[in-house]
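To start, the structure itself, in structure tokens.
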Amino acid sequence: MTAQTQLSSGAEDNDTASWGGLELLPGHPIMWVLILSELVVFGAFLLTFSGARVVDPQGFAQDQMQLDRLAGGINTLVLLTSGLFAVFAIQAVNTGNICRSRLWLVLASLGGAIFLIIKMIEYRAKFDAGIGLESSTFFTLYFLITGFHALHVVLGIGILMVVAIWPSRINVETGAAFWHMVDMVWVLVFPVIYLVR
Amino acid sequence: MKKSLEITDVAAIDMAGSCIASVRTACVVWGIASITTLIAVILALGDNAVEPITLNMFATGFIVAVGCIKAALILRYYLGLGPAAGSWRAMFIAFLIVIFLGVLAAQGVVILMTPQAAS
Amino acid sequence: MKYQSQKVALYYIYGALALFAAQILFGVVAGTVYVLPNLFSEILPFNVIRMIHTNALIVWLLMGYFGAAYYLLPEECETEIHSPKLAIIQFWLFLIAAGAAVVGYIFGIHEGREFLEQPLPIKVGIVVVALMFLYNTTMTLLKGRKTAVSNVLMVALWFVALLFLFAFYNPSNLAVDKMYWWYVVHLWVEGVWELIMASILAFLMIKMTGVDREVVEKWLYVMVSLTLFTGILGTGHHYYWIGTPGYWQWIGNVFSTLEVVPFFAMVVFCFYMVWKGGRDHPNKSALLWSLGCSVMAFFGAGVWGFMHTLSSINYYTHGTQVTAAHGHLAFYGAYVMLNLAIFTYALPYLRGREPYNQQLNMWGFWITTSGMAFMTFTLTFAGVVQTHLQRVLGMNYMDVQDQVALFYWMRLGSGIAVLIGVTFIIWALVVPPRAASVRAKISQPAE
Ligand code: HEM
Ligand code: HEM
Ligand SMILES: [Fe+2]
């Protein structure tokens, strides 16, 4: 609401049709409602993770030793790069180059696919070591958080594909916004779950 | 609104005034984020501890801050959450600060609870 | 009223009000049996009384939604209902099915699964009724104007029917049974019914405040997103300690806590629209019900829901009077008040009168709402004491019930107040006042 009053004061009272400021951001405002909700959920999960760690520091430390930091790091690089491609896709559509925009979108989702493959390898190694969703609080949260995130990558690839089929400007911006949110969440998940110990 | 460096730098300013970084800025952002990630991974791989260790507040703060800054860069330049976003931008920044402080506070408690002080 | 076929809504509204009266009566009887346990034990056991109370509730709420849909779709779609005749047949079929279910219950024929006790043939009947309704309304939607309000309402009603199909599957393993049971119960009240609530409130706000449809629709989309985002995985708050895997606790804790947000958004929405658009609409009582609905839903569902939604708290409070307190205020605040809001709004148009008996209606609002609030408080106190004695100290269930008997008397008292308030409301809605026999049609306010 504060955004609304702030934005509408000064200008003519144009908030009758506004989204409280969200319409000033790239992409469709509803995507921003979703992004905000997603951040709240992932934020809550990360804080829950930190809180649960306080309850059982030793257990968490032991379990965390088994995580594959290299895979996590590579995946961070993969997503960052893929996010860069999504930015290129927007630039391309802005300059009217639909073909190139499509290409970048496909490359960005390819990055997502690589991320998922590495994630699968990581999960497989855990399962092979006899670690599952209910092994311990640490691993429950590890699988839930990274699993939720991986599902968002899957969804994101789907969105990028749809957007590549209909690459209007607003579509590309909306799809890319979702993709960047996924990227951004991972950038926070990685230090909190893999690195801090 | 004063013309800050980022504003002159952007290639795309749409009618509403939101801005997504130019190719060059985006590449710079990507470079910074990737290098810090690489360093983090190398540092993490470098230590061959068999016993779990507890990081001190400084190291923790550094790691989480780097993550949050990466997230802030993504927000600002990839997502295009520019000054036009008004108070929404403050919301997002506040979100990152909450994560940063929350994780740091938890680490503080963990350190206090661990018998041997942090290394 | 612009369209003749809107009149079929009258059947549904009157039917719903009749069942509402029955629901409250049986509630009061159940509350009496609680304090005088042997009262009807020979003729009508408590479980049957309770079943009639809760089933009448669900059926009249659904009937109210059907009526609301038949009333608002023509106005939204700017066309007549596809087949008013089918709508009337559907009404009678629904009423007969409900009546048959009640007779069956009295003779002890039921499936014993709370809220879904209807014997199989009745369930099939309900599906047939739903299909008739969906056919009729979808055809209406398809031939007319498509608005956000009508689209959201129709999508939600489709899912109400689809989710009901889970009621047909009743696995013998109790934990698995509960998983499916909640697919119906939770995904109804914290999912698609909430969408119905958002869309009907949006309709009422467009009509009564005169705020641009465009603005209202944006709010509607945000409320829909928030509801689905939190409500679907929020189901996890029912999978805490019932034999389901432990990860549900984390999912349930996070998502169901966030379920408060859409309810809060609805409060902000209603008050903001009224503040923005003004309160010039002649039907003051309909406006009161709409605003009251958003507020009481926020307290009943949001606040009282959150009270026991964290797994560590639910470990102790599960299935105590705390749950009953929440169930009552949430159902009343969200869905009873929603229906009464749209009834209060629509009836004057349907019957071509000035908004009549506003005073009586508003008295009914305050008495009933206060009664339900007081009932919620007494049950909450009873629940807290019960949780402490039974779940923490480990006292025997029946001994604890003796300890909280006083609260049950107070619940009965507030229940009688509710009965009086509901009498006022129904009287105000159904019986035309003597003085206001002016048959002047009130003008439709500009959209
Ligand atoms: C519009 C108002 C009402 C609504 C929406 C409503 C709703 C409900 C619901 C949802 C339940 C099931 C609760 C659960 O599963 O935990 C229930 C049970 C019950 N209701 Fe109501 N009710 C209303 C009015 C009343 C009134 C006026 C009374 C009278 C005192 C009453 C007495 C009871 C009793 C005794 C039970 C059984 C509780 C138990 O088994 O422990 N209700 N009602
Ligand atoms: C209008 C919306 C809502 C309605 C009508 C409603 C109604 C009910 C009812 C009737 C029950 C009892 C079911 C039974 O017989 O076991 C129940 C249980 C429950 N509700 Fe809600 N509810 C709503 C929203 C919410 C929200 C938003 C939350 C959380 C924030 C919530 C949290 C819970 C929990 C945790 C239980 C389980 C209680 C137990 O373990 O015994 N509810 N709800
Ligand atoms: Fe629920």
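List the aspartates and glutamates whose Cα lies under 16 Å from the Cα of A:Lys126, skipping any in the same chain that are fewer than 8 positions away.
Of all the aspartates and glutamates, those that pass the test against A:Lys126 - Cα under 16 Å, at least 8 places apart if same chain - are A:Asp63, A:Asp68, A:Glu134.
Can you run phi through the Karplus equation (6.51, -1.76, 1.60; θ = phi - 60°) for the stretch C:246-263 and list ³J(HN,Hα) in whole Hz, with x for Gly and Pro?
x, 5, 4, 4, 5, 4, x, 4, 5, 6, 6, 4, 6, 4, 5, 4, x, 5
Could you check the spin-label model distance between C:Val35 and C:Lys2? Points 7 Å from the Cα along Cα→Cβ, value in nm.
The modelled label-to-label distance comes out at 5.1 nm.
Between A:Gln62 and C:Leu44, with labels modelled 7 Å along Cα→Cβ, what's the label distance in nm to one decimal, could you check?
Between A:Gln62 and C:Leu44, the simple spin-label model gives 6.0 nm.
Report P(r) for the stretch A:144-197: all Cα-Cα distances, bin width 5 Å, range 0 to the bin holding the largest distance, values in whole percent.
P(r) for the stretch A:144-197, in whole percents per bin: 5, 20, 25, 19, 13, 10, 6, 3, 1.
Can you work out the FRET efficiency for the pair C:Asp399 and C:Val103, with r the C-beta to C-beta distance and R0 = 35 Å, to the nearest 0.05?
With a Förster radius of 35 Å, E is 0.40.
Normalised by the residues of the stretch C:201-447, what does the relative contact order come to in percent, with Cα pairs under 8 Å and at least six apart?
Reported relative contact order: 21 percent.
Note the buried accessible area between A and B here, summed over both chains, with a 1.4 Å probe, in Å² to the nearest 100.
In total, chains A and B hide about 4800 Å² from solvent.
Could you tell me how many cubic angstrom of Cα convex hull volume the stretch C:1-84 has per residue?
Convex hull of Cα atoms, per residue: 86 Å³.
Going highest first, how would you order B:85-93, C:387-395 by mean Cβ packing within 10 Å?
In decreasing order of mean packing, B:85-93, C:387-395 become B:85-93, C:387-395.
Which FRET efficiency value, to the nearest 0.05, is calculated for A:Val54 and C:Ile232 with the Förster distance at 45 angstrom and r the Cβ-Cβ distance?
Taking R0 as 45 Å, the efficiency between A:Val54 and C:Ile232 is 0.90.
With Kirkwood's inverse mean 1/r over C-alpha pairs for Rh, give me the Rg to Rh ratio of the protein assembly as shown, two decimals please.
1.00
Quick one: length gained pulling C:Phe264 to C:Leu86 fully straight, 0.36 nm per residue minus the C-alpha distance?
60.3 nm
Considering protein heavy atoms only and a 1.4 Å probe radius, which residues within the stretch B:79-113 exhibit an accessible-area decrease of no less than 40 Å² in the full assembly relative to the chain by itself?
B:Leu79, B:Ser87, B:Trp88, B:Phe92, B:Phe95, B:Ile99, B:Val103, B:Ala106, B:Val110, B:Met113
If you take the beta carbon distance between A:Ala113 and A:Leu70 as r and set R0 to 25 Å, what does 1/(1 + (r/R0)^6) give as a FRET efficiency, to the nearest 0.05?
Calculated value: 0.85.
How much accessible area per residue does the stretch C:1-49 have, in Å², with a 1.4 Å probe?
Accessible area per residue, the stretch C:1-49: 47 Å².
Separation between the C:Val127 and C:Trp241 pseudo-spin-labels, each 7 Å from Cα along Cα→Cβ, expressed in nm?
In this crude label model, C:Val127 to C:Trp241 measures out at 3.7 nm.
Which of the lysines could a cross-linker span from C:Lys284 if the Cα-Cα distance has to be under 26 Å and same-chain partners fewer than 8 positions apart are dropped?
Those lysines meeting the cut-off are C:Lys2, C:Lys7, C:Lys207, C:Lys218, C:Lys276, C:Lys441.
Only protein chains counted, 1.4 angstrom probe. Which residues of the stretch A:52-70 are at least 20 Å² less accessible in the assembly than when their chain is isolated?
Buried by the other chains: A:Arg53, A:Val54, A:Pro57, A:Gln58, A:Ala61, A:Gln62, A:Met65, A:Arg69, A:Leu70.
Indicate the residues belonging to the stretch A:177-197 that lose 20 Å² or more of solvent-accessible heavy-atom surface (probe 1.4 Å) upon moving from the chain alone to the assembly of all protein chains, ignoring ligands and nucleic acids.
A:His180, A:Met184, A:Val187, A:Leu188, A:Phe190, A:Pro191, A:Val192, A:Leu195, A:Val196, A:Arg197
Tell me, Kirkwood radius of the stretch C:1-146 from alpha-carbon pair distances, in Å?
16.3
If one takes the accessible area of chain A alone plus chain C alone and subtracts that of the pair, with a 1.4 Å probe, what total in Å², rounded to the nearest 100, results?
Using a 1.4 Å probe, the pair buries roughly 1900 Å².
For chain A, what is the calculated [θ] at 222 nm in deg cm²/dmol (nearest 500), taking -39500 (n - 2.57) for each run of four or more DSSP H residues and dividing by its residue count?
It comes out at -26500 deg cm²/dmol, rounded to the nearest 500.
Counting only protein heavy atoms, what percent of the accessible surface of the protein assembly as shown is carbon or sulfur at a 1.4 Å probe?
71
The values are calculated or read from the model by the stated rules, or taken from the named source; none is laboratory data. Remember, it's a predicted structure, so these values are computed and weren't measured experimentally. In this analysis, Cβ positions are derived from the backbone assuming ideal geometry, glycine residues included, and neighbour counts consider all displayed protein chains. Note: accessible area is taken over every heavy atom of the protein model, side chains too, but ligands, DNA and RNA are not part of it. Shrake-Rupley method; radii C 1.70, N 1.55, O 1.52, S 1.80 Å.
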